[in-house]
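Nothing in this text is a laboratory measurement; each read-out follows from the coordinates by a stated rule. Just so we're clear, the structure is a prediction, and the values are computed from it rather than from any experiment. Cβ sites come from the backbone with ideal geometry, for glycine too, and all protein chains shown count toward neighbours.
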């Protein structure tokens, strides 16, 4: 189940430990997403037009495309 208000562009919507879908830099052209749990929030600003950059617990880094419901 997805919440359409939470598309990953606002830092306040993203919490450590939350499950998200990210688009890694190498997948920006294809838009392929990687699912995982947020370990760190890397974007300094409160929002970003292409999604907040995060690191997953697996070490992958990318911009949040979608916040998944628990």
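What ranking of 9, 40 emerges when the number of other C-beta atoms within 10 Å of each C-beta is taken as an exposure proxy, fewest first?
Placing the least packed residue first, the sequence is 40, 9.
Taking 0.36 nm per intervening residue step and subtracting the Cα-Cα distance, what contour gain separates residue 44 from residue 16 on full extension? Walk me through the intermediate numbers first.
Values: separation 28, 0.36 × 28 = 10.08 nm, distance 1.47 nm.
Length difference between fully extended and current span is 8.6 nm.
Using a 10 Å cut-off around each Cβ, can you sort 42, 6 from fewest to most neighbouring Cβ atoms?
The order, fewest Cβ neighbours first, is 42, 6.
Could you work out how far apart the two model spin labels at residue 57 and residue 24 are, taking each label as a point 7 Å from the Cα in the direction of the beta carbon, and quote it in nm?
It is 1.8 nm.
Relative to 2.2 N^0.38 Å, what does the C-alpha radius of gyration of the chain come to as a ratio? Two decimals please.
Scaled against compact globular proteins, the figure is 0.96.
Please rank 22, 41, fewest neighbouring Cβ atoms within 10 Å first, as an exposure proxy.
41, 22
Would you mind pulling out the separation of the Cα centroids of the stretch 28-64 and the stretch 4-26, in Å?
6
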